[in-house]
Each structure stands twice: as C-alpha cells, then as structure tokens.
Amino acid sequence: MLLGIDASRAFEQKRTGTGEYSYQIIKHLAKMNIDCQVVLYVKKKDLANIDFVLPDNPVCSYGTSFKVKIISFPRFWTQIGLASEMLINKPDVLFIPSYTVPQIHPSKTVATVHGLEYRCCPECYSLKERFILELNTQFSVKWASKIIVPSENTKKDLIKFYKTKPDKIKVIAHGIGIPLLGGARGWVRRTLKSTPNFSSRKDGAQQEGNNNFNILFIGRLEKRKNLMNLIKAFNLFKKTYNLQPTTYNLILAGKKGFGFDEIKKAIEVSPYKKDIVLKDYISEEEKSELYKNADLFILPSFYEGFGLPVLEAMSYGVPVICSAVSSLPEVVGNAALLVDPNDPKAIAEAMNKVFSDNDLRERMIEKGFKNVKRFSWEKCAKETMDIILSSLK
C-alpha cells in the first residue's frame, strides 16, 4: 500500500495544534510494522526539528518505509501544489491531518476535522478567515471517504452543520505525552507548597508567609479563547480574595491571534497589570517550565474541538479550571472544575475555591493523573491507521 500524508505543518519549528497532531501521528506511525510505503508531502525538506527516525530501508520486504516528497509551491500549496502531485503520482490512500483536502485526490482520502470553531463562534474570526475555513471544510467533508474528529462534540457539530452521515465519521481522541519532570513530582511539589487559606479573610485576617502563585493559560492569544473574561475574572479575584503578602500572577502564553489588540488593551487598563505576564510563542522546553511552575491552569474558551492544554496541565500535576462547553467536559471528565465562560465572577470564585481548599486541590490533581491515562498518541496513531487501512476495503 502506498500512503500519502500531508506533512506540510508537521516539521515546522513553531508547531501549533494541527502541526503537533501531524507530527505525533507520523512519529508513532514510524514505529509501526505495517506493509506500507509512506510518502510525506512537505513544503521544504526541513527535518531539523524531528526527534525520531523515519525508516527508509526495511530490513525485510515487509515493513513500513518512508520517503519525503518536496512540493515547492509558494501559494495555494494544497489546491495547486499537492493537487498536481495527486494528478501525477496518486497514492492508494491520502491522509490529511487537517481539514484541507486537495481538489484532486484519491477516492480513498481520510481527513481530520479538529473543530468547527468558526461556525460556533463566528465573531471570533475575521470575515476572510471564516470564508476560507467554511469553503475548505465544505469541500473536505464532501470529498473525504472517511473523516476523523477528536471528540463526540465535534462529531455532533459536523452532523449538525454539514449533514454528514454519522457512519462516515470516526471519533479518535488526541494523545498526550508524559512529561519527563512532571507527573508525581509536580504533585508532591504542589501538595507540600504552602497553600493559602481564605476561610477567615472576610474578617480581615492576614495569612502567614510570602508566597507567589501562578495561574497559567497556554494557547493562542485570541478572542475565541475568552481571555477578556479571564482577565476580568483575575481582576475580581485579586480585588476580592488576594490579601497581602501572597501574590498571584496570571501568565498568558501563546501566539497572537484574532482580537489580540483588545486583550493587550485589557491588560494595560487592569489595576493588576503588574501581575499579568504576557508571553509570545513558547518552545516545548519553555512550556514545560511554565507547567512545572504553575499552581492552576485555566482554559475558559468559548469553543474547543478538543482542548489538549488541559491534559498537558493535568499530566504535570496542575489543577484545571475550564469552560463547561463544547468538547471540554468530555475531555476533562470529573478531574476539573467547569465554569460558565461568560461569567467572570464564576471563574473568579472557582479560582478562590481551588486555592482555598487543599483537599480539593489534591483530589483534582489525583483525578487529573487518572484522566490523562485515557489518552495517548500511540493509541491515537494506531486507531488512525486502522481507519486508513479499513478505507481500502
């Protein structure tokens, strides 16, 4: 079998969600022993960021082998560059790790649709972005022989908005890597750390010690992630609950996205702006350090197709608060506090609840460790390969 994979985002130096998904699928596919030749279609041969071996010469006639095909096309790479390659050298099966299927493609084409954010939160996207996403998704849903989605919620949305047949859609959850220095060490660090107790704050009692606590968000800094309400909630939390000498910092890390100017302005006018740390794109090493030093992780998004950061945080022993909408409840299970993303007061109260109750924090951390065991990239890649193989039948 000849399997073609769109790897145009998999080996980028600054990978985001779809790129990381592509990378992990390819990485774990390379470990499988399947009678299959894999062609990775890339924009340029830049494999400097790869940390695994692509087998190109199997020791026997049976096994998985890889080769990289460079498609140099500056614009409309998918619809002209990749489509032209499909016309000349069509594989038996084409796997598209994102929603963009080329107009010329094999009859057996498997595509992943990660979420329908632009449909559920149209105000969080520019008109141009919505048009492109809508057009690409319409064609991909129509052209793909099988569609993979990361959650039951995304499957429901796909059926709702595009009338897709349920038997054409397969739910395969994304995976999660186990951190080298997270896990139990993170749990021990946080349970031993002096956690503030707010039980008597209303009568003016001061707490002992001089502690700094980090509230972390990692993701694209955009309107859809609901950072405006997170900043409002942080302001309420500081005003209502944060007595000196304890200091709470809100750390926002990620690439800039649609609506970033509003987010930046909200930070600038915050009375607690000195306690809000804004970071641009972070490396895997920087991300690991942020998780290790976080005391609470919050993802207050209006919509998530999956929500990988909540699992990353749990794997480092960090308690999680997230929105009670879209796919997040099914991803976090009973291991997180769920809040209304439109209610900053509720978010602030949840922050206080986590920090004021040591027993609750420990239960959340323990449940988080159990929850992440449900997810792995190895399982995700295996189930994805099963769908690819079954599409040939």
Checking 311, 82, 278 against a Gaussian network model of the chain (alpha-carbon springs below 10 Å), the top fluctuating residue turns out to be 278
Once you've got the GNM for the chain with C-alpha springs shorter than 10 Å, pick whichever of 109, 137, 247 has the biggest mean-square fluctuation.
-> 247
Sum of -39500 (n - 2.57) over DSSP H runs of 4+, divided by residues of the chain (222 nm, nearest 500) = -11500 deg cm²/dmol
Taking amide hydrogens as modeled 1.01 Å from N in the peptide plane, which residues meet the under 5 Å criterion relative to residue 221, leaving out close sequence neighbours?
-> 255, 256, 257
Cα-Cα over 27 Å: which of 155/373; 255/379; 155/382?
-> 255/379
Hey, of (1) 23.8, 82; (2) 22.4, 77; (3) 20.2, 62, which did the structure itself give for Rg and Dmax of the Cα atoms in Å when calculated?
-> (2)
Report ³J(HN,Hα) in whole Hz for each residue of the stretch 3-9, in order, from the Karplus equation J = 6.51 cos²θ - 1.76 cosθ + 1.60 where θ = phi - 60°; Gly and Pro get x.
-> 10, x, 10, 6, 10, 5, 10
Under 5 Å, built H, 5+ apart or other chain: amide partners of residue 277 | 250, 251, 252
Folded to 0 to 90 degrees: helix 227-241 orientation relative to the chain principal axis, Cα = 20
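Residue separation times 0.36 nm, minus the C-alpha to C-alpha distance between residue 358 and residue 292: what's the value?
My answer for the length gained is 21.9 nm.
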For the chain, built as a Gaussian network whose Cα springs stay under 10 Å, the top-fluctuating residue of 98, 323, 270 | 270
Here the percent of antiparallel bridges among DSSP beta bridges lying wholly in the chain, to the nearest 5, is 0
Sorted by Cβ neighbour density within 10 Å, fewest at the top, the residues 232, 382, 239 = 239, 382, 232
Amide H within-cut-off set for residue 323, under 5 Å, with H built and near neighbours excluded | 299, 301, 339
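Values quoted throughout were computed directly from the atomic coordinates according to the rules given, and no laboratory measurement underlies them. Predicted, not measured: the structure shown is a model, and the values here were computed from it. Positions of Cβ are generated from backbone atoms using ideal geometry, with glycine treated the same way; all protein chains shown enter the neighbour counts.
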